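Just below is one structure, and these are the notes that go with it.
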Amino acid sequence: MRPLLLALLLLPPASGGEREVHTSRVNARLLPLPAEEGVFHFVIFGDRTGGPADGVKVLEQAVRDTNLLGPDLVMTVGDLVQGYNATPAWLAQMVEYRAIMGTLRMPWYPVAGNHDIYWGGGTAPRGHHESDYERHFGPLWYRFEHKNAAFIALYSDEGDPKANRKGWGEGLNRMSGEQLSWLATTLGETKGCDHVFVFLHHPRWIAAHYPGSNWDEVHALLRGAGNVTAVFAGHIHRQRYEGKRDGIEYFTLAAVGAGMPFDVPGSGHLHHVDLVTVRKGGITIATIPVGQVIDPRTMTPEHLAEVDRVRAAAPEGAIVEIDAAGGASGVCVVTLANPSRVPIDATVALEARDEGWWVRPDHAHARIAGGEQQTFRFGYRRDRGGAVAGPDLVWQIDCAGPAGRIRFPQRERGAPLRLVGDLPLPEFPEDLSALLDGRTVWAEVDHDLCDLADGPLTLEAWVLPSALDGMRALAAKTEQSEYGLFMQEGVPRFLVWIGGGFAEAAAMRPLEVGRWHHVAGQFDGGSVSLHVDGRLVAGAKAAGARGRNRLPLVVGADPSPGGPPGRHFKGRIDEVRLSSVARYPGESFEPARRMAADEATELLLHLDGLAGPFAPDASGRGRHAVARGGLGCGK
């Protein structure tokens, strides 16, 4: 970007004269006000961040769509930049976002979200990115008026200023007395307005999501004002309408470029803008995705629960038996249950990825009533010899929704391969390791083979990363349960689901690209800890029962229920060991470059090579991993 353009983007606009944005914040970027004329419309943008990098393309399209709609102004509900970084990267993302939003033909107004504020990459300065945000976006809380309506932006990530902690755990979900005092004064100053609209990032009124929140205190102020019409939030990347509370409507928006499991209008998960039409006597709101208009009031908790049940439907079984030489013959039995109350239409197929397989039929259809299930059978055969890529189970489901047919994306996962007979263990060179491309390859051990009983555990591996960006899994079995080793922007993290939530031990520094590191996470029954290269780098108290699931243990990615894994690791992985004890009680040890099995070893993958489609297990328990996506071993 040219220096002059960058400088212009960073400069605050001139003061608006008699009409001005009101705030108790100082040294914040000045915000322009919209022109006052007649009955008006405004548009609201949901979260932009927390998803793929090309989410900015969705934002650009939303800006183009909004320019065609021609509202008076645009509001956001936060998460404007990817954040979780230091100031140089944050500034670059801010410039990108403001450049895109700068093509709007009407003023737009920011709201601070956690991605916009939280620091990443070492010790956070006081307030994390709060000063950066106020300098380049605007006040953390403020109000302005337009056509006898007041717009109030609140800040829901104050956290614990004394400890400089940000988050949404216990003790971090409260708004400060300073902000509440300002809000009370502001509501008093806007009593003559026809409407008051409130915007914030976190939907604090969903009590289960925000323990210890003081939203009831906030709501009491809003109720007492008597003219608050609606409150809007984001963060959860899903539409949700809570109805009216004391005459105030509560809406949560989904996304404009943020990450979601899919983009399906009518399911609550979609990229959209909300168009609000304001008249003195009331408002109307329309959700506008590409080519559709949806009433957000249909996104009730009851409807979303029904959609979730349909989406959760996934085939069970689908076991394919194969011998060590690659030969296979049998019948694959697949069962699909409909856990919802509405009928679903399903298509199921067992698709082979190499020419050595014969499968019949090539697909099957069924309509499955609510609460019922359907069984599908596929015959298969494969002659011995050659490289083996197991068949994939593929399915697609749709059902009726309030805005038309809800067609969920096609999903697929590798059919579980069950070894028939023994697996010869060839002699592989010990200096080989698994090669992962960060996109499509991984190894997995079926849940039935690695169902670790509740209690202590150690998960460890040698890793040589070639990319550190984003969230990447080294080895994981997580899905609101179980355990996993991850990297967040290259910083190692160990997670274990204990007593209803994740206990975490996270390092302070990232791993190095191109260097081998030993990473070990463990749970000893009373705490979680993380060792990197034999040194204790993090620990936290944690006690209780481990949450468990039926997902595979995945090496090089993070499992996903009913589909392929994500958060792929890029680089090389070697010597993955799962143990039923906490192996490393001290602060330091010398990690073995080649691990050995003992009585506590539940799984040991040397990853020196493959035997057919299997990465052999050296624990002696026969828990061989299945190579997926063309996984190979090399130097």
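The values are calculated or read from the model by the stated rules, or taken from the named source; none is laboratory data. What you see is a predicted model, and the numbers here were worked out from it, not measured in a lab. Please note: Cβ atoms are built from the backbone with ideal geometry, for glycine as well, and neighbour counts cover all protein chains shown.
Considering every residue within the range 571-580, establish whether at least one is of a type in the set (A, V, I, L, M) and either surrounded by fewer than 16 Cβ atoms within 10 Å (Cβ to Cβ) or over 24 Å from Gly438 (Cβ atoms) (or both). First the steps, then the outcome.
Of the range 571-580, the ones of a type in the set (A, V, I, L, M) are 573, 576, 578.
Now narrow it down to the ones that are either surrounded by fewer than 16 Cβ atoms within 10 Å (Cβ to Cβ) or over 24 Å from Gly438 (Cβ atoms) (or both): none.
Scanning the range 571-580 turns up no residue that is of a type in the set (A, V, I, L, M) and either surrounded by fewer than 16 Cβ atoms within 10 Å (Cβ to Cβ) or over 24 Å from Gly438 (Cβ atoms) (or both).
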Members of the range 405-434 that are hydrophobic (A, V, I, L, M, F, W, C) and in contact with a Cys (Cβ under 7 Å, 6 or more places away or on another chain): Ile406, Ala415, Leu432, Ala434
Of all residues in the range 147-159 being under 21 Å from Leu172 (Cβ atoms) and either charged (D, E, K, R) or surrounded by fewer than 22 Cβ atoms within 10 Å (Cβ to Cβ) (or both), the one that is nearest to the chain's Cα centre (by Cα): Asp157
In the range 599-635, residue surrounded by the most Cβ atoms within 10 Å (Cβ to Cβ) [restricted to those that are closer than 15 Å to Pro429 by Cα and within 29 Å of the chain's Cα centre (by Cα)]: Leu605
Among residues of the range 121-146, those that are crowded, with 19+ Cβ neighbours inside 10 Å and either touching a residue at least 60 places away in the same chain (Cβ under 8 Å) or more than 18 Å from Gln93 (Cα to Cα) (or both), counted: 12
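Table: residues versus (1) touching a residue at least 12 places away in the same chain (Cβ under 8 Å); (2) outside any loop (DSSP other than H, G, I, E, B); (3) surrounded by fewer than 18 Cβ atoms within 10 Å (Cβ to Cβ).
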{"residue": "Arg418", "(1), (2), (3)": "yes, yes, yes"}
{"residue": "Asp422", "(1), (2), (3)": "yes, no, yes"}
{"residue": "Pro426", "(1), (2), (3)": "yes, no, yes"}
{"residue": "Glu430", "(1), (2), (3)": "yes, no, yes"}
{"residue": "Asp451", "(1), (2), (3)": "yes, no, yes"}
{"residue": "Asp454", "(1), (2), (3)": "yes, no, yes"}
{"residue": "Ala467", "(1), (2), (3)": "yes, no, yes"}
{"residue": "Ala475", "(1), (2), (3)": "yes, yes, no"}
{"residue": "Thr478", "(1), (2), (3)": "yes, no, no"}
Members of the range 66-88 found to be among the β-branched types (Val, Ile, Thr) and assigned to a loop (DSSP other than H, G, I, E, B), listed by number: Val77, Val81
Some residue of the range 531-540 being without any contact (Cβ under 8 Å) to a residue 12 or more places away in the chain, farther than 21 Å from Arg515 by Cα, surrounded by fewer than 16 Cβ atoms within 10 Å (Cβ to Cβ) and assigned by TED's automatic domain parsing to the domain that holds Arg515: no
Strands (runs of 3 or more DSSP E) contained entirely in the range 305-410, each with at least 1 residues that are over 31 Å from the mean Cα position of the chain (by Cα) and within 26 Å of Leu631 (Cα to Cα): 320-323, 328-337, 357-360, 373-382
Scan of the range 408-438 for residues that are at pLDDT 90 or above and among the basic types (Lys, Arg), ordered by number: Arg411
Per-region count, the range 485-504, residues over 27 Å from Lys635 (Cβ atoms), within 19 Å of the chain's Cα centre (by Cα) and not β-branched (Val, Ile, Thr): 11
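For Ser433, state whether it is touching a Gly at 6+ places or on another chain (Cβ under 7 Å) and not β-branched (Val, Ile, Thr).
When the stated conditions are applied, Ser433 does not pass them.
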Residue match in the range 545-553 (condition: out of contact with any strand residue (DSSP E or B) (no Cβ under 8 Å at 6 or more places or on another chain) and more than 15 Å from Glu482 (Cβ to Cβ)): no
Selection within the range 94-117 - assigned to a helix (DSSP H, G or I) and within 24 Å of Thr23 (Cβ to Cβ): Met94, Val95, Tyr97, Arg98, Met101, Asn114, His115, Asp116, Ile117
Test: residue in the range 481-497 that is closer than 19 Å to Leu604 by Cα, acidic (Asp, Glu) and surrounded by fewer than 19 Cβ atoms within 10 Å (Cβ to Cβ): no
Any hit, the range 152-160, residues being assigned by TED's automatic domain parsing to the domain that holds Thr49, of a type in the set (Ser, Thr, Tyr) and not in a loop (DSSP other than H, G, I, E, B): no
Members of the range 259-281 found to be of a type in the set (Gly, Ala, Ser), surrounded by fewer than 23 Cβ atoms within 10 Å (Cβ to Cβ) and in contact (Cβ under 8 Å) with a residue 12 or more places away in the chain, listed by number: Gly259
When residues of the range 167-181 are limited to those that are under 25 Å from the mean Cα position of the chain (by Cα) and surrounded by fewer than 21 Cβ atoms within 10 Å (Cβ to Cβ), the one farthest from Ser213 (Cα to Cα): Gly167
Test set (1) without any contact (Cβ under 8 Å) to a residue 60 or more places away in the chain; (2) out of contact with any Pro (no Cβ under 9 Å at 6 or more places or on another chain) - Leu485 fails condition number: (2)
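Residue-wise test of (1) within 24 Å of Ala400 (Cβ to Cβ); (2) crowded, with 16+ Cβ neighbours inside 10 Å.
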| position | (1), (2) |
| --- | --- |
| Leu304 | yes, yes |
| Val307 | yes, yes |
| Val310 | yes, yes |
| Ala318 | no, yes |
| Ser329 | no, no |
| Val333 | no, no |
| Ser340 | yes, yes |
Residue selected from the range 125-151 under the condition of a type in the set (Phe, Trp, Tyr) and not in a loop (DSSP other than H, G, I, E, B), by the criterion nearest to Gly78 (Cα to Cα): Tyr133
Those residues of the range 513-528 which are part of a loop (DSSP other than H, G, I, E, B) and either among the aliphatic types (A, V, I, L, M) or within 27 Å of the chain's Cα centre (by Cα) (or both), in sequence order: Val513
Number of the exception - Ala220 against (1) aliphatic (A, V, I, L, M); (2) without any contact (Cβ under 8 Å) to a residue 12 or more places away in the chain; (3) under 18 Å from Pro296 (Cα atoms): (3)
Pair list, Cβ under 8 Å, 6 or more apart: the range 8-29 residue loosely packed, with under 10 Cβ neighbours inside 10 Å, other residue charged (D, E, K, R) and at pLDDT below 50: none
